Amino acid sequence: MTAAAPTGARPAALAGTAVLDLSSVGPAARATRLLADFGASVTKIAPVPRRAGAATVPPPYAYGGHRGMRRALIDLKTEDGRGAFLDLVCGADVVVESFRPGVVDRLGIGYDAVRSVNERIVYCSTSGYGQTGSRRDWAGHDLNYLAVSGYLHCGGRDGGGAPALPGATVADIAAGGMHAALAVMGALMRRERTGRGEYLDVSVADGAIGMMSLYADEHLATGAEPGPGHYILTGRYACYGVYACGDGRFLSVAAIEPAFWANLCRGLGLDRYIDAQTDDAAQGEIRAAIEAVLASADRDEWVRRLGPADCCVAPVNSISEAVADEQYRARGVIVKAEHPTEGTIEQVGPVWAGAEDPGSPCDLPDLAQTHTAELLAEAGYHGDRIAVLVAAGVIA
């Protein structure tokens, strides 16, 4: 929720769009978080608790606390459960699922079954490697998709020389979640012209190599082998890197353009290196000089001096520092939320330009409660039928 533009003057981009989300965590859940932030009405579909244990309930803060979402518990392995789900599909615009390839078809809720009751449905399957190819059935997680795409290889190294673990689930977030949300939005726009829904095969690994296209395209065109130190963005030059300051905290430096590099050199008293920005032979000397100067003052002092001077620097914040950062606070990125059992908490609001304002404080659902009966009543089920399904353990 940014503070740049007045809220309430425009309708939410996806207002009136009904989404059924069969995922619980990972890229698909991130995608539906995005869709909800743009105004879609998202219903999370989860399994009915079994005698062996209750269905997994995420912590209250996960995925924005599922703000703006409802939750239904349905046993999709029963005929009545499949029927209930398909009845909900009749009033939906989008289905998002993240099972392994083939599972939804075995459950009887795959694209063909869903399309048979709603031809306008946009059906989005998210998986690690996609619905086709030799790895379609492989299990995987974020790190695997970053590895196979070349992302890990081109990043930094740990103390033992191995590719360092990334600080966020980049593949889940961008290559999967944003990928899926963008694909769904595009399909909804296309449906406005054609009147037809469609099937979307979202591969997180495909999205990850898409993120690496700058380097992949260079290799394909020239035969070069990008990696650590190959290019300005992977550490070849001292102008782009992370440096320790006098208090042991770190400063990021990204003075790529010559003008910014010149400003940085002047700000550090290292004017003699202005013309040596891309001199490969001088990089070790320049790095040592920068390290020595930055070690003479604390991080925040360097931020105060260099930040406003067009040097392209920023503090390497911890998470606690990031959520307290004055820029984020000024932009309204951190919002208050009310939870039925946890009380008032803070969370990262919808940061996406054009997203719906959730209100302040926004209300979070109690994930121990469900909206199954309410949703089925909206689909035309009468009270007696709902009661029978509850008694049979088909819904909860």
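Please treat every number below as a calculation from the coordinates, not as lab data. Just so it is clear, the structure is predicted and the values come from calculations on it, not from any experiment. Cβ placement follows ideal geometry from the backbone for every residue including glycine, while neighbour counts extend to all protein chains displayed.
From the square roots a ≥ b ≥ c of the eigenvalues of the alpha-carbon gyration tensor of the range 338-396, which class results: rounded (a/c under 1.5), prolate (a/b over b/c), or oblate? Judged from the Cα gyration tensor, the range 338-396 comes out prolate (a/c at least 1.5, a/b above b/c). For the chain, the relative contact order comes to 22 percent (Cα pairs under 8 Å, sequence separation of at least 6). For Asp363, the residues whose modelled amide H falls within less than 5 Å of its own, excluding neighbours fewer than 5 places apart on the same chain, are Glu338.
Its relative contact order, with pairs defined as Cα atoms under 8 Å and 6+ residues apart, puts the range 103-232 at 35 percent.
Taking loop as defined by DSSP and a crowding limit of 13 other beta carbons within 10 Å, which trypsin sites (Lys or Arg not before Pro) in the range 124-181 fit?
Passing sites in the range 124-181 do not exist.
Calculated mean residue ellipticity at 222 nm for the chain: -9500 deg cm²/dmol, from DSSP H runs with n ≥ 4 weighted as -39500 (n - 2.57), summed, divided by the residue count and rounded to 500. Rounded to whole numbers, the Karplus 3J(HN,Hα) couplings from phi for the range 329-342 are 5, 5, 7, x, 5, 9, 10, 8, 9, 10, 10, x, 10, 8 Hz, using 6.51 cos²θ - 1.76 cosθ + 1.60 with θ = phi - 60°, and x at Gly and Pro.
The string of couplings for the range 125-136 from the Karplus curve (6.51, -1.76, 1.60, θ = phi - 60°) is 9, 10, 8, x, 10, x, 7, 10, x, 5, 9, 4 Hz, one whole number per residue in order, with x for Gly and Pro. Across the range 224-263, the mean sequence separation of Cα contacts (distance under 8 Å, 6 or more residues apart), normalised by length, yields a relative contact order of 26 percent.
Note on Glu321 and Asp363: their simple-model spin labels are 3.9 nm apart, each label 7 Å out from Cα toward Cβ. Span-like helix criteria (full DSSP H runs; alpha carbon extent of at least 20 Å along the helix axis; mean Kyte-Doolittle hydropathy of at least -1.0) are satisfied in the chain by 179-194. Coordinate range of the alpha-carbon atoms in the chain per principal axis, descending: 83, 49, 47 Å.
Kirkwood radius and radius of gyration were both taken over the C-alpha atoms of the range 271-396, and their ratio Rg/Rh is 1.31.
Quick check: Cα centre of the range 262-276 to Cα centre of the range 305-355, how many Å? About 32 Å separates the Cα centre of the range 262-276 from the one of the range 305-355.
Remark: C-alpha extents of the range 102-159 on the principal axes read 56, 21, 17 Å, sorted largest to smallest. Under the combined filter of DSSP loop state and at most 16 neighbouring Cβ atoms within 10 Å, the range 42-146 retains these GluC sites (Glu not before Pro): Glu119. When the alpha carbon gyration tensor of the range 279-324 is reduced to an equivalent ellipsoid, the three semi-axes, largest first, read 24, 12, 11 Å. Over all orientations, the range 130-252 has a Cα convex hull whose mean projected area works out to 11.1 square nanometres. What the phi angles of the range 307-318 give under the Karplus curve with 6.51, -1.76 and 1.60, with θ = phi - 60°, is a coupling list of x, x, 9, 6, 10, 6, 10, 7, x, 7, 7, 6 Hz, glycine and proline written as x.
The Stokes-Einstein estimate for the range 214-302, based on a Kirkwood radius over Cα pairs and taken at 25 °C with 0.890 mPa s viscosity, is a diffusion coefficient of 176 µm²/s.
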